[in-house]
Amino acid sequence: MARTEEILLNLLAVPIKEKGFELIDVVFNRHGSEQIIQLFIDGPHGIGTDDCVAVNQVAQEVLESGDRIYETCTLEVSSPGIFRKLKTPEHFKTFTGRRIRLRMQQKIQGVKNAIGSIEECSDKEIRIRLENDGSELVIPFSMITGANLEPILDF
């Protein structure tokens, strides 16, 4: 996570949690001269528009009371969506048994990108069953460069 995102995550996580939501991810983007702070939140019953508005108000209050650098930023709050990113051991534990997509720094047993289901998760590593051949991989969190839920969409 980039330094700006980490600072914002640490600044906003507790006030957002006090409102009953989990701050999943923070992304800081620049589009030309415009700076955008994207907050991705989740709640026990999913996320609706009113939830995004409530979290936006909390975040605005926190950002306005702190560093002036965020004054000119546009704040966006949304759900993490069905392809939700998984970043912490807690995220992986929550979705044990679910289908995910992983990207790793380097190959483990010949695999660098994988789709499979989370079989088990500890604070240091996960074990997934690969979808393509049924084999299992044990992957340290330090080796994961990206992970997200990967639901099967039937139309």
ask   = Hey, does the range 133-142 have a residue that's surrounded by fewer than 16 Cβ atoms within 10 Å (Cβ to Cβ) and within 29 Å of residue 38 (Cα to Cα)?
value = yes
note = Checking 36, 41, 100, 47 in turn, the sole residue that is surrounded by 15 or more Cβ atoms within 10 Å (Cβ to Cβ), more than 14 Å from the chain's Cα centre (by Cα) and in contact (Cβ under 8 Å) with a residue 24 or more places away in the chain turns out to be 47
message = Any residue that is surrounded by 13 or more Cβ atoms within 10 Å (Cβ to Cβ) and assigned to a helix (DSSP H, G or I) - is there at least one of those in the range 74-89?
response = yes
query = If you take the residues of the range 17-33 that are under 17 Å from residue 86 (Cβ atoms) and not β-branched (Val, Ile, Thr), which of them is surrounded by the most Cβ atoms within 10 Å (Cβ to Cβ)?
reply = 23
request  = Give 60, 109 a once-over and let me know the one that is in contact with a strand residue (DSSP E or B) (Cβ under 7 Å, 6 or more places away or on another chain), farther than 21 Å from residue 146 by Cβ and modelled with pLDDT under 95.
outcome  = 60
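Which is among the β-branched types (Val, Ile, Thr), at pLDDT below 95 and more than 23 Å from residue 147 (Cβ to Cβ), of 69, 37? Working first, answer last.
Numbers: 37 fails: more than 23 Å from residue 147 (Cβ to Cβ).
Selected residue: 69, the only one of 69, 37 that is among the β-branched types (Val, Ile, Thr), at pLDDT below 95 and more than 23 Å from residue 147 (Cβ to Cβ).
The values are calculated or read from the model by the stated rules, or taken from the named source; none is laboratory data. All values reported here derive from a predicted model rather than from experimental measurement. Positions of Cβ are generated from backbone atoms using ideal geometry, with glycine treated the same way; all protein chains shown enter the neighbour counts.
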